[in-house]
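The values are calculated or read from the model by the stated rules, or taken from the named source; none is laboratory data. Here the structure is a predicted model, which is why all the values come from computation and not from measurement. Cβ sites come from the backbone with ideal geometry, for glycine too, and all protein chains shown count toward neighbours.
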Amino acid sequence: MCDWESFVRGYLAAGDGGNLNALGRFLHDDVVLHDPGGTTAIGIDHEKETWRKARNAMPGLRHEVQEVVCEGSTLAARVELSGSLQGQFAGITGEGQEFKIDQVIFMHLQDGKCKELWAIIDTESFRRQVGPS
């Protein structure tokens, strides 16, 4: 286990639990965020809004860390993401369909916080699980 494993677990637990003010313990104010949809944004406020939208659409959202690898100031985590889609998120609308998908998170760390973050999810699997039958 690397020193940063509890860091990534804490970051995800804060988001899952809706404790969005705690994200400041993990992210620089000017963090660069690369979202699964291919967009890039700057700032912790953007990340808080992303978590807010995700939790509104998926109130039982849960990230379970499977593996963490650290090399210098770079952290990679393999995560299982689960919940049920009960609204609209990322252009997909659900009516309570449950899902379980893979996610990978890469972070560049600086001064004890994340300076840049990539979140990659299995979007196709998500669409298959929650989309129209």
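Numbers below:
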{"item": "The listed residue being among the small types (Gly, Ala, Ser) and within 17 Å of ARG127 (Cβ to Cβ), out of ALA22, ALA54", "result": "ALA54"}
{"item": "Any hit, the range 22-30, residues being modelled with pLDDT under 95, of a type in the set (Gly, Ala, Ser) and either within 16 Å of GLU116 (Cβ to Cβ) or surrounded by 13 or more Cβ atoms within 10 Å (Cβ to Cβ) (or both)", "result": "no"}
{"item": "Filter pass, GLN66 being touching a strand residue (DSSP E or B) at 6+ places or on another chain (Cβ under 6 Å), assigned to a strand (DSSP E or B) and in contact (Cβ under 8 Å) with a residue 40 or more places away in the chain", "result": "no"}
{"item": "Residue among ASP35, ASP16 that is charged (D, E, K, R), surrounded by 17 or more Cβ atoms within 10 Å (Cβ to Cβ) and either more than 11 Å from the chain's Cα centre (by Cα) or modelled with pLDDT under 95 (or both)", "result": "ASP35"}
{"item": "Filter result for ILE101 (crowded, with 16+ Cβ neighbours inside 10 Å, hydrophobic (A, V, I, L, M, F, W, C) and touching a residue at least 24 places away in the same chain (Cβ under 8 Å))", "result": "yes"}
{"item": "Per-region count, the range 25-50, residues farther than 15 Å from GLN110 by Cβ and either in a loop (DSSP other than H, G, I, E, B) or touching a helix residue (DSSP H, G or I) at 6+ places or on another chain (Cβ under 7 Å) (or both)", "result": "8"}
{"item": "Residues being hydrophobic (A, V, I, L, M, F, W, C), touching a strand residue (DSSP E or B) at 6+ places or on another chain (Cβ under 9 Å) and either exposed (fewer than 13 other Cβ atoms within 10 Å of the Cβ) or free of Cβ contacts under 8 Å to residues at least 40 places away in the same chain (or both) - total across the range 70-97", "result": "2"}
{"item": "Condition check for ILE121: surrounded by 15 or more Cβ atoms within 10 Å (Cβ to Cβ), touching a Lys or Arg at 6+ places or on another chain (Cβ under 8 Å) and either at pLDDT 90 or above or among the hydrophobic types (A, V, I, L, M, F, W, C) (or both)", "result": "no"}
{"item": "Test: residue in the range 3-16 that is without any contact (Cβ under 8 Å) to a residue 12 or more places away in the chain, closer than 21 Å to SER125 by Cα and not in a loop (DSSP other than H, G, I, E, B)", "result": "no"}
{"item": "The range 25-41 residues that are acidic (Asp, Glu), paired with ones that are in a strand (DSSP E or B) and surrounded by fewer than 16 Cβ atoms within 10 Å (Cβ to Cβ) (beta carbon under 9 Å, 6 or more apart)", "result": "ASP30/ILE42; ASP30/LYS115; ASP35/ALA41"}
{"item": "Leading residue by the ranking (farthest from SER73 (Cα to Cα)) among those in the range 97-133 that are assigned to a helix (DSSP H, G or I) and of a type in the set (Val, Ile, Thr)", "result": "VAL130"}
